[in-house]
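First up is the structure itself, then whatever we jot down about it.
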Amino acid sequence: MAQKITIQEIFELIGDMNTDVVGCYFRQRGFETIRLDEKDSQLRNCDWLVDPSGSSFLCEVKTVTSVQRSVLAEGDFRRLFENAAHYYFANRKDLQSLPYHLHFHSDSLRLPGGNDANRAVNGCLASVGKLLLALSENDKQPDIWYVDNCCDGALDLTITPSLSGQLELEVSKYGEVNFRTIESSLSNAIAQVNRSGEDYPDIPRLVVLAFASDVFITSKSEVVVFDGLAFQKEELWKLIDRVMKRHPELSAVAVMARQANPHFDVFHNSKVSKVPALDVNVFEDGRAVQFDSLETIPRVRIQPFDLQKQFEALLAAATEVNEIPSITLSDYDALRKKNR
């Protein structure tokens, strides 16, 4: 019997899936693609040579998974909440056979109860246990349940059907966006397109960045990736602008949102000089946003961060009808087998 793919395996495969998604996007746009980064090669080539009629370009797809930076309180949070939650549910035999995946989210690593955190955490976990029993007794199997301001407002909780059919627990701790890691990943991607540029000189060079902070599975086995950027896009563009100014051999950086039916924001390097600029028609799909300076980035009014609305938007986008089919567990399982 084939082993079910795990959340951890999905997370490890996100980068490869994003690379395939970008290649598929270009082919659907009518471009021929050639894979350059053969796994047995000693050279660190970029992912794709894309060859639209009369205008080839190189493309490296880089997925950043360390999106958030840990904070000083993480150790205390792990000891007082995360470890306590694992211990509590491991010892609740009446809950272990329930087919739910619990995912606690902490934006600030704040603990409930102040100086009496242990009692508050235990009370919170007991309340969650009662909720799970109530859901089970009413035979409710939701696509996704949200519990906002769980544990005296310290956390949010999402409940989804589990992959294993047993109770599963996950705790995600979000700190500030880790721009140092993002810059390092972008620099590595530029090095890879430059390496391939030695073999294919005088054509544009593109880096596509994707971000993965968390993964959710819907009841239809669709995989939804949460990027974790929140409302830090403005700072991200400033970082990309600074890096591109140091690299006149880089034509553009695109940021990809969503794996199913991907959307691209494309920052063209106005300082590019050592290679040609990227043709704007490459991403002219009616949905992509393209610009060439911080001043020309389209801006919308920033709303307060709402984790529930973020997840709802992602899930809705992943299940839109009349769109490119969603990416599912079977797609990831096929990729896992291909990589073996």
Inside the stretch 186-200, can you point out the residues that are surrounded by fewer than 19 Cβ atoms within 10 Å (Cβ to Cβ) and under 24 Å from Glu235 (Cα atoms)?
Ser187, Asn188, Ala191
Every residue in the stretch 325-340 that is among the basic types (Lys, Arg) and outside any loop (DSSP other than H, G, I, E, B), please.
Arg336, Lys337, Lys338
Just wondering, is there one or more residues in the stretch 8-26 that are modelled with pLDDT under 90, under 30 Å from Ser127 (Cβ atoms) and loosely packed, with under 14 Cβ neighbours inside 10 Å?
yes
Subset of the stretch 201-217 (residues that are of a type outside the set (A, V, I, L, M) and buried (at least 19 other Cβ atoms within 10 Å of the Cβ))
Pro204, Arg205, Phe211, Ser213, Asp214, Phe216
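The values are calculated or read from the model by the stated rules, or taken from the named source; none is laboratory data. All values reported here derive from a predicted model rather than from experimental measurement. Every residue, glycine among them, receives a Cβ derived from its backbone with ideal geometry; neighbour counts consider all protein chains shown.
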